[in-house]
Each structure stands twice: as structure tokens, then as C-alpha cells.
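Worksheet: one structure, shown below.
What follows draws every value from the coordinates through simple rules; no lab data is involved. Only a predicted model underlies this, so the values are computations on that prediction, with no experimental measurement involved. So basically every Cβ, Gly included, is an ideal-geometry build from the backbone, and we count neighbours across all protein chains shown.
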Amino acid sequence: MNNKLKVLRAMRNWSQAELADRLDVSRQAVNAIETGKYDPSLPLAFKLARLFDMPIEEIFDDGHEGSDND
Amino acid sequence: MTETRNMKRPMSPRRKRYAAGIGLALVVGAVLGAVMQRGETGDGLTIFSNAPLTPGFAAGAAILWVVGMIVSLTMYHRAVDDHEERAYLWAGLAAWYTFTLSAPTWWVLHRASLAPAPDAMLLFAGALAVNLIVWLWLKYR
């Protein structure tokens with residue numbers, strides 16, 4: 001899953017370690033999310049959304065356009 | 001911003017619990033290994049042999065292992081983030097598959113006199129090695 005975490009972090013001039021501290025996760029977790037090797041759990045995704053004050057779908061992109069009601 | 005980047009940040013309660021859990025597991029392992037090695041009688045490493053032990057030492061080592069592991073693993077699992085928890089779960093699964101493939105294979109070959117008797121500690125060490133490799137790969141790749 002693609003995400004804008006690296007860009008959002010860079011806009012705030014935060015290091016991976018700094019973001020990890022704010023989320024109370026390891027630096028490796030932040031790196032794994034940024035590089036797309038790991039998709040965060042829903043609670044962590046909500047935490048990210050609250051931290052950046054953005055909806056989850058603006059941070060993460062699963063490659064699907066619009067709503068999936070089919 | 002640069003100042004906050006370079007500042008030494010205090011450890012969060014979660015990271016303190018994490019460090020304490022890992023530290024306790026290392027201390028338990030080091031104490032057990034050191035005490036067993038001090039009683040070495042052969043040429044190799046006593047901790048990896050099947051040499052006899054005194055009942056008192058064996059009972060003490062077993063209690064230390066079980067209690068130490070339960071306490072340190074409880075601390076670890078209460079402190080890990082979900083990225084590491086996922087790495088731990090996949091590593092545990094890989095270790096379990098290693099054991100389920102190797103133990104019955106070795107056992108059945110032994111019954112046909114095609115292999116020596118299965119060695120529980122060797123099976124444990126093999127599964128543990130796989131566990132460690134997968135955990136390290138998933139956490140640090």
C-alpha cells in the first residue's frame with residue numbers, strides 16, 4: 001500500500017526517530033511503513049491520521065478509486 | 001526543529017518496558033550459560049551437550065528458565081509495537097514449521113536405523129535459529 005508518510009514527515013522536518021517517538025513505536029516500524037514493507041494496523045493508522053490531522057485515506061492509498069460497494 | 005532533532009529524547013514507558021524485558025531475558029540466559037559452563041567436564045561447550053547434571057542444579061536451572069522466560073516474555077509482549085509483533089508472529093510460525101518438518105522426519109529415519117536418535121536440544125536450537133533469522137529480517141530489512 002502506498003502512503004505519503006515520508007512527505008508528511010519531511011514537511012514537518014521530523015526524523016524517523018522523532019516520528020516514532022510521537023507514535024510510540026520503533027524507528028524500524030516507521031521505516032517499514034514508509035518503504036511499503038509493512039502496512040500499519042488500524043489503531044496505528046488512526047494514530048497517524050490524528051497526528052497529521054488528516055483522514056486516513058489521504059495518508060494511505062490502496063490503489064482503488066472511490067468507494068467499493070460492489 | 002534542528003534542536004529537537006538533536007535532543008536526547010527520554011524513553012517512553014513502552015520503550016522502558018521493552019528494554020527491561022529484553023534485558024531480563026539476556027540476564028537469565030547469561031546466568032544459565034555461565035553457571036552451566038563453569039561445571040564443564042568435557043572438551044566442548046557443556047551447555048550444548050547432554051552431559052549429566054546434579055538434580056539440584058537441574059531443578060534450579062529449570063525454574064530459572066521457566067520463570068525468567070514467562071516474566072521477560074510477558075514484559076516483551078506488553079511493550080512491542082505491532083510491526084515487531086508481526087515479525088515475532090511470522091518468526092514463531094517459521095520456527096514451528098522448522099520443528100514440524102524436522103522432528104518427525106528425524107524420528108522416522110531413526111526408527112529405520114537411518115539416523116541417530118533425535119536430539120531435543122538440537123531440534124530446539126534449529127527452530128530457535130530460524131526464529132531469530134526471520135525475526136531479524138522482518139524487523140530490520
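Per-structure values
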item: 10 Å Cβ neighbours from other chains, averaged over peptide B:79-86; result: 6
item: Cα centroid separation, chain A to the range B:123-141 (Å); result: 27
item: Highest average packing first - B:125-135, A:30-40, B:62-72, Cβ atoms within 10 Å; result: A:30-40, B:125-135, B:62-72
item: Computed lengthening from B:LEU114 to B:THR54, 0.36 nm per intervening residue step minus Cα-Cα distance; result: 18.3 nm
item: Cα centre as origin, Lys/Arg/Asp/Glu Cβ charges: the protein assembly as shown dipole, Debye; result: 860
item: Averaged over A:25-31, number of beta-carbon atoms from partner chains that fall within 10 Å; result: 5
